[in-house]
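Read-outs throughout are calculated quantities, based only on the coordinates presented, and are distinct from any laboratory measurement. Values in this document were obtained by computation on a predicted structure and should not be read as measured data.
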Amino acid sequence: MEKWMRSFLINKNLSFYFWLRGRIGKEGAFRVANTVEKMILIFGRERA
């Protein structure tokens, strides 16, 4: 279930990047989306 949720959030983040790109520009949108994706990957790690 967690892997499905993580991939869902990454997909939504990509959609967010394309939406944001039209508003703040390509470089700024990339930095924001990249930061969000890092947070998803860090906080989405499975507990050992």
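Remarks
- Helix 26-43 vs. the chain, principal-axis angle (Cα, 0 to 90°, nearest 10): 10
- Between helix 2-24 and the chain there is an angle of about 10 degrees, using the helix long axis and the longest principal axis of the Cα atoms.
- Ellipticity estimate at 222 nm from DSSP helix runs (n ≥ 4, -39,500 (n - 2.57)) divided over the chain, nearest 500: -29500 deg cm²/dmol
- For a straight C-alpha distance cut-off of 27 angstrom, the lysines reachable from residue 26 (same-chain residues fewer than eight places away being disregarded) are 12, 38.
- Eigenvalues of the alpha-carbon gyration tensor of the chain, scaled by 5 and square-rooted, set the equivalent ellipsoid semi-axes at 24, 11, 4 angstrom, largest first.
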